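See structure below.
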Amino acid sequence: MIYTLQDVKNIINVSAEVALSLKELLTELDSRSGDGDLGITMEKSAHALMLEICKYEGKDIGEFLSKSGISVNRAAPSTMGTLLSCAIMELGKEFKGSEEITCEQLVKVPAIIVDAIMKRGKANRGDKTILDALIPLADALQASYARDMNLKVALKEAASAAAKGANRTKGMIAKVGRAKWIGERSRDYPDGGAVLCAALIENLSQRG
Amino acid sequence: MKKILNHADNFVEDSLKGILLAYPELLAAHPEDIKAVHRAGAPIQEKVAIVTGGGYGHIPVFLGYVGKGLCDGVAVGNVFTSPGCETILNVTRQVNANKGVLYLFGNYMGDCMNFEMAAEIAEMEGIKTETVKVSDDIASAPRESWKERRGIAGIFFAYKIAGACAERLAALEEVKAIAEKTIENTATFGVALSSCWLPGSEKKIFEIGEDDMEIGMGIHGEPGVKRGRLTSSCEITEILLPSILEDLSIKEGQRVAILVNGLGATSQEELFILYKDINEALAARGIKPVRVFVGEYATSLEMVGASISILKLDDELLELLDAPAYTPFVNVGGVRGA
């Protein structure tokens, strides 16, 4: 299976729609511990991505992603928006000059996103962030695909790992970002970023 | 909440336009990016440029500190949101005089990441940058991890002292070192009495009872350390001041600079009542407030409340604190005396 720019655009488009549908939940979760801007950040990011999908007329997946990353940063430079833009720009570098990507490359995408977010956000697993869903997702996706060479199955396993990871953030104490400043009081709710991550992969796995 | 505006979506842009139209001889913006604002004369030759930035809604922080003896440029974000990396780069390129650029801003994650990205790109363009983050709010982390604190009103001292140092054409490393020294010797603690409203939002950013105050609340409504009944100015002083003095290990005989800052909707009259009590409390402990600033230095829209910042002084810091500085919003230092 080979993925073209149009496939990449489709994946981003459906993910943007999922993010938009979660706006209120994300705002609510983020208000519990952060500054409550996660819903609006994802809304702005989703709109920026959708606009870039319409605007970009070339064929280079890397160039498209780099431009998308810059657009997200311009539209939503808050914490999650910046992390998202860094991750997309990093993927832009990875796929620079490519008009297609393979399944093998695709299953490595979450791991590249993990590295970009860890580097920029200086967070680790267990800090109560999106990484608590994204790292298990990335690991499960690669391990499953390496074992069965079946993307559908790998996506399902990745979605399940992400959901478990997101659930586990409930009960954790935040160690980075604004939520860190409230310490113990951050324990009662799951992390909004992790919940978002699990929802996005769940949607992709259902579509196959 | 009643606000004077045209449309909430244009809050930042309209406000910025007003500032630029009011002070064309002092401030200018990037031709394609109104959120990238700099001293009208930038770049200033031979001088290290200081670039700051952060969310809008805290005036005079951050934009109000762009001017002679303070910062060279500012990247303005949306209300309570970091500026984007592109805006930071637009300012950086505008103010760079090839003597290096110091990024000086409050320690918030969005700002940290966007300035970091900008620094990486600036470096690729051959612009040398250094970064100093202001972290003075003692409610957000203990002294041993003071670098993790969020930055609030104490940023005034960092701007003032680093700005004076840069104005004397000191090297980038020197400006960075004095900024770090200032922040290490600065501590702030405050109380919030009522919330502010984001433009276009029906809800306050936090709820607080009519008769309550929250100790240590952040300037974006981040939860503080304790909520209690609103007491007297004397009692507020006795809650805030001892913690700051202890945090900075201030002993009898120490010279300090004091900043009593209003959060946006507390009257200056009240701030001076608070200062009277601070002054008396300091006198009782034998601590000398040799420089005093009372007014609005870092606000949070129309939040009601105040913070106290203390800078532990030595000769070097005092001398730089006294140097002249002038912007449309802040006019301190220079000639002293009646």
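Details
Okay, residues lined up against (1) modelled with pLDDT under 90; (2) buried (at least 24 other Cβ atoms within 10 Å of the Cβ); (3) β-branched (V, I, T):
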| position | (1), (2), (3) |
| --- | --- |
| A:T129 | no, yes, yes |
| A:D132 | no, yes, no |
| A:A143 | no, no, no |
| A:N150 | no, no, no |
| A:E184 | yes, no, no |
| A:D188 | yes, no, no |
| A:D191 | no, yes, no |
| A:A194 | no, yes, no |
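- Residue in the range A:106-121 that is farther than 30 Å from B:K204 by Cα, among the small types (G, A, S) and either within 13 Å of chain B (Cβ to nearest Cβ) or surrounded by fewer than 19 Cβ atoms within 10 Å (Cβ to Cβ) (or both) present: yes
- Selection count where residues are out of contact with any helix residue (DSSP H, G or I) (no Cβ under 9 Å at 6 or more places or on another chain), of a type in the set (F, W, Y) and away from every other protein chain (no Cβ under 14 Å), scope the range B:62-103: 0
- Taken as a whole, the condition of being of a type outside the set (K, R), outside the structural domain of B:E296 (by TED's automatic domain parsing) and farther than 26 Å from A:K122 by Cβ does not apply to B:L193.
- For B:A139, the criteria (1) part of a helix (DSSP H, G or I); (2) surrounded by 24 or more Cβ atoms within 10 Å (Cβ to Cβ); (3) among the hydrophobic types (A, V, I, L, M, F, W, C); (4) facing another protein chain (nearest Cβ under 9 Å) hold in every case but one, which is (1).
- Of all residues in the range A:56-91 being of a type in the set (V, I, T) and over 12 Å from B:C85 (Cβ atoms), the one that is farthest from the other protein chains (Cβ to nearest Cβ): A:I61
- Meets criteria (within 19 Å of the chain's Cα centre (by Cα) and within 14 Å of chain A (Cβ to nearest Cβ)) for B:T52: no
- Sole exception among (1) outside any helix (DSSP H, G or I); (2) in contact (Cβ under 8 Å) with a residue 24 or more places away in the chain for B:F206, by number: (2)
- Checked against (1) modelled with pLDDT of 95 or more; (2) within 12 Å of chain B (Cβ to nearest Cβ); (3) more than 21 Å from B:I121 (Cβ to Cβ), A:A48 passes all but condition (3).
- Test for A:T102: is it surrounded by fewer than 24 Cβ atoms within 10 Å (Cβ to Cβ), in contact (Cβ under 8 Å) with a residue 12 or more places away in the chain and within 12 Å of chain B (Cβ to nearest Cβ): no
Residues are listed down the side, and each one gets a yes or a no for (1) closer than 19 Å to B:K176 by Cα; (2) buried (at least 20 other Cβ atoms within 10 Å of the Cβ); (3) not small (G, A, S):
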position: B:G53; (1), (2), (3): yes, yes, no
position: B:G84; (1), (2), (3): no, yes, no
position: B:F105; (1), (2), (3): yes, yes, yes
position: B:E120; (1), (2), (3): yes, no, yes
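- When B:A177, B:A164 are checked against the criterion of being in a helix (DSSP H, G or I), farther than 24 Å from B:L263 by Cβ, in contact with a helix residue (DSSP H, G or I) (Cβ under 8 Å, 6 or more places away or on another chain) and assigned by TED's automatic domain parsing to the domain that holds B:R143, a single residue qualifies: B:A164.
- Looking only at residues in the range A:143-193 that are part of a loop (DSSP other than H, G, I, E, B) and among the polar types (S, T, N, Q), the one that is farthest from A:L204 (Cα to Cα) is A:T169.
- Across the range A:28-54, the qualifying residues are those that are under 25 Å from B:A118 (Cα atoms) and out of contact with any helix residue (DSSP H, G or I) (no Cβ under 6 Å at 6 or more places or on another chain), and the one among them that is surrounded by the fewest Cβ atoms within 10 Å (Cβ to Cβ) is A:L51.
- Within the range B:1-31, the set of residues being small (G, A, S) and modelled with pLDDT of 95 or more comprises B:S15, B:G18, B:A22, B:A28, B:A29.
- Scope the range B:106-136; condition within 13 Å of chain A (Cβ to nearest Cβ), closer than 19 Å to A:K180 by Cα and not aliphatic (A, V, I, L, M); matching residues: B:G106, B:N107, B:Y108, B:G110, B:D111, B:C112, B:K133, B:S135
- Some residue of the range A:117-137 being closer than 19 Å to A:L5 by Cβ, in contact with a helix residue (DSSP H, G or I) (Cβ under 7 Å, 6 or more places away or on another chain), of a type outside the set (S, T, Y) and not in a helix (DSSP H, G or I): no
- The requirement of being buried (at least 22 other Cβ atoms within 10 Å of the Cβ), more than 18 Å from B:S135 (Cα to Cα) and of a type in the set (A, V, I, L, M) is fulfilled somewhere in the range B:294-302, by at least one residue.
- Of everything listed in (1) among the charged types (D, E, K, R); (2) surrounded by 15 or more Cβ atoms within 10 Å (Cβ to Cβ); (3) closer than 15 Å to B:R285 by Cα, the single unmet condition for B:K251 is (2).
- Helices (runs of 4 or more DSSP H) contained entirely in the range B:227-331, each with at least 3 residues that are in contact (Cβ under 8 Å) with a residue 60 or more places away in the chain: B:233-247, B:315-321
The values are calculated or read from the model by the stated rules, or taken from the named source; none is laboratory data. Values in this document were obtained by computation on a predicted structure and should not be read as measured data. With ideal geometry, Cβ positions are generated from the backbone for all residues, glycine too; neighbour counts draw on all protein chains shown.
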